[in-house]
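The values are calculated or read from the model by the stated rules, or taken from the named source; none is laboratory data. Since this is a predicted model, take the numbers as computed values, not measurements. Don't worry about glycine lacking a Cβ; one is built from the backbone with ideal geometry, like all the others, and counts go over all protein chains shown. Surface accessibility is based on the protein's heavy atoms, side chains included, excluding ligands, DNA and RNA. Shrake-Rupley method; radii C 1.70, N 1.55, O 1.52, S 1.80 Å.
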Amino acid sequence: MKRVVLAATRTAAVAGMLCAATLAISGPPAHAYDIAATRPLATEAQVPSVLAYWLGGDGRALTAATPYVLRLKVTARQTERGATADGKRGGVRPADSSPAEGKAGPGKTADGKTDAKPEGGKLAQDATDPDRTAQDGNGTAGSKNVNLPRTTGRVFFVGSDDKPHWCSGTSVQAAHRNLVATAGHCVFDTETDSAPMRNWIFIPGYQPGAVPFGVYAGKQAFTHHDFATYRDLDRDYAFVAVHNGLTPQSSRTPGRVIKLADGGRLGDGVGGQGLAYNQELGRRTAVFAHSMPPVRGATFPLQDPSIRADALLGLKSSRTADGSSWLIGYRKSGRLGYLNGVTIAMSGGAAVSPYFDGELYSVYVAARKVHSGTVPGGVFRDGANEINIL
């Protein structure tokens, strides 16, 4: 396992950042994983206050949120040899949005197949997607209807500057149907080496003034030890377990009285993308950034020696957002595929992602164990706002 030591200003102690015990998953020496887990992002009792911040004043904070980008400049260059697999190829199958009692319960795809064995095996070949969107630089205008998967949305949070920001995020299949994947720096505050981002939520399918599938407050976040401790961009990814969703209801006094109804589990509402790791380079990949047309192309290896990042992927693009999902094997029929990267930066006309290997899968395994449920109902007051959870 690589350990990275960056500039002195970036290697300050971070004991205050990670307050839960470090989890260890046993295995051969090459697979001695350290998984870092944070304290809860928000307990059930804190969810009303989190939602009051975002939904109060008719969603003023949501409207004011600005795109969040990695402050550290990435100057990656294409290499002949880059990221390498640390074991067998593997993956977890995607799942549609049918609840457990429907045709495709947890761990099943729309055709009823169960999860692929996570320790190995080839994934389905990339399908030709007739829902094509113009590639960058081909002289063709992109579609106004971006046709994003229902799993795609925005993660919102308050940064160290005390201002609201957003990144892209995506729902990922897990046993409890409650996981969101995004860039690590969209969850962990790399500016201050302190606690995770505050008031963290996920809104799939977000549009100004509309939250079609509910709002999901973060419960607990997981990332790789090397990113949490050393800011290793080869590990700049995170999985966040979220509470059950809450759906805003109409109110006679909008902006002050916020009525919310239980929206159920994230995966039951929008489904979950699969997960792939230790895949070969050069696979055709679709990158989905919230509110932007998708970009498609083949991945290639990148390295940035200045920050000791030697396991990065690139894909030619001039448009993406931090946290955007990189999907292989994507099919239009169900708008599902396998998550195989997340955008962490732009460099030289290319979107940049960490390479997903077996260590990422170990982080996912730790995250998918977290169970979450319904937020208890009641009336709560937060400043001028009244939160009524039905």
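Observations on the model:
- Amide H within-cut-off set for ARG198, under 5 Å, with H built and near neighbours excluded: VAL158
- Reciprocal of mean inverse Cα separation for the stretch 143-292 (Kirkwood radius, Å): 16.4
- Using a probe radius of 1.4 angstrom, the carbon and sulfur fraction of the accessible surface of the stretch 266-355 is 50%.
- For THR79 and SER318, a Förster radius of 22 Å and the Cβ-Cβ distance give a FRET efficiency of 0.55, rounded to the nearest 0.05.
- Measuring between alpha carbons in the structure, the pairs from LYS88/LYS369; LYS73/LYS259; LYS88/LYS316; LYS73/LYS369; LYS259/LYS332 lying more than 31 angstrom apart are LYS73/LYS259; LYS73/LYS369; LYS259/LYS332.
- Take the stretch 251-308 with all the other protein chains still there, run a 1.4 Å probe, and you get 35 Å² of accessible area per residue.
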